[in-house]
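Only one structure is covered here, and it is reproduced in the block below.
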Amino acid sequence: ARTVKNDGTAAGTVRIGFSFTGDRAAVWLPSGALINIPDYLATTYGLTTPGYVLDQVTSISSDLRTLAGTAINSASQVEGWIITLPAPLSAPSVPDIAVRRSSSDLASGATVPFGSYQVAASGYLQQTLYVRNDGTALLSDLSATITGPDAADFTYVLASGLPDPLPASLGLNNFVTVYLRYAPLSGTAGTRTATLTLTSNDPDTASFVINLSATATAPAVTPFVAYLIAAGVPSDQRAATDDPDADGVVNLLEFALGLDPMSPSGTGIPACVLIGGDLTLTYTRAQPASVTYLVETTTDLTTPASWTATGVTQGTPDGLGLTTATIPYATGPRYLRLSVALNP
């Protein structure tokens, strides 16, 4: 989980080199703890090195007190350094959650932006996070939740492609790859926000919070929606099964037959007529590119599953879309109906 420039084995299993977090001098202890030397000196002894960046540990004494390495000075030149500590190098046994996006670690409370995506479009936008344990003890009780006003638009999966849950724990220097995904499911254009909360046994950051931000762009205007808008149908009555003119003909059927959804339909309704030995249903295919038309038949109105297109000759539309479907008729009850569906 870490790359080192020098993997020498001085002091038994101690490994020396640098941490990938900013290329800083670092030491791995036998326990597996990774110690960032500049941070350790600052927090343990209040010691800083103005004008110098300690970038690598090249050797360490067997008692873990004397360290030597290289540093970069303010003129970008490499210099050597050596320090003897009052006590052996050590690290407390505590877990420490860290989250990286791209090439930078995030602080709790940071925002991950996703950009813009169209409402109800296929696919999604994705951001990759790496959740790791930078501590010196097992990071356990690990879980993730997405909350907030638009939580349904954000999800995550793991590198394996499996959804929640995260692994319950991460060992020292271990990590898990999390793919955050954004796809606005419905609604209008505007900002979408949610919060990803990673909880664990980290004593300092038991709840690591990441704000999620994205923009939803207006859904594609289909021919059906354009027809309803042009007809002046209110925005809250534009579902396929709505009937804003209360004439018993829903929006989708009005569209399919070329009727006005805001005016009760007196003409243009499919007509069922017995002609010779055939029962016929005549209607207009007003939207052949957007709608699939199918005439079905049954002899039993009490059994919905009995409707079928078997035996029905669907007919060929004329230049205006007028179409007549037929089925042979002898005696007894026989019914025809028109079924319409929007094309994908």
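Only the coordinates and a few stated rules stand behind these numbers; no lab work does. Since we're looking at a predicted model, the values are computed, not measured. Cβ coordinates were reconstructed from backbone atoms using ideal geometry, including for glycine residues, and neighbour counts include every protein chain displayed.
One table, with the values for the structure above:
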| quantity | calculated |
| --- | --- |
| Sum of side-chain charges, Gly266 neighbourhood, beta-carbon under 14 Å (Lys, Arg +1; Asp, Glu -1) | -4 |
| Diffusion coefficient, µm² s⁻¹, Stokes-Einstein with Kirkwood Rh over alpha-carbon pairs of the chain at 10 °C and 1.306 mPa s | 60 |
| Simple label model, 7 Å out from Cα along Cβ direction - Leu320 to Met262, nm | 2.5 |
| Leading residue at positive end of dipole, the chain (Cβ point charges), from Ala98, Ser265, Ala246 | Ala98 |
| Förster radius 45 Å - calculated FRET efficiency between Asn174 and Thr84, Cβ distance, rounded to 0.05 | 0.85 |
| Where labels lie 7 Å past Cα in the beta-carbon direction, separation of Ser140 and Asp278 in nm | 7.8 |
| Label zone at Ser306, where the point sits 7 Å out along the Cα-to-Cβ direction: segment 319-344 residues whose backbone N lies under 15 Å | 331-337 |
| The chain - mean residue ellipticity at 222 nm from DSSP helices (-39,500 (n - 2.57) per run, n ≥ 4, rounded to 500) | -2000 deg cm²/dmol |
| Rounded, prolate or oblate (a/c below 1.5 giving rounded, otherwise prolate when a/b exceeds b/c) for segment 128-259 by Cα gyration tensor | prolate |
| Förster radius 56 Å - calculated FRET efficiency between Thr217 and Ser74, Cβ distance, rounded to 0.05 | 0.70 |
| Residue-span extension gain [Thr299 to Ala151] - 0.36 nm each, minus C-alpha spacing | 48.4 nm |
| Percentage relative contact order, the chain, counting C-alpha pairs under 8 Å, at least six apart | 11 |
| 5 angstrom amide H check on Leu106, placed H, neighbours 5+ away | Val99, Arg100, Arg101 |
| Cβ-placed point charges (K, R +1; D, E -1), dipole of the chain about Cα centre in debye, nearest 20 | 800 |
| Karplus 3J(HN,Hα) series, Hz, for segment 109-125 with 6.51 cos²θ - 1.76 cosθ + 1.60 (x for Gly, Pro) | x, 5, 10, 9, x, 10, x, 10, 8, 6, 4, 6, 6, 6, x, 6, 9 |
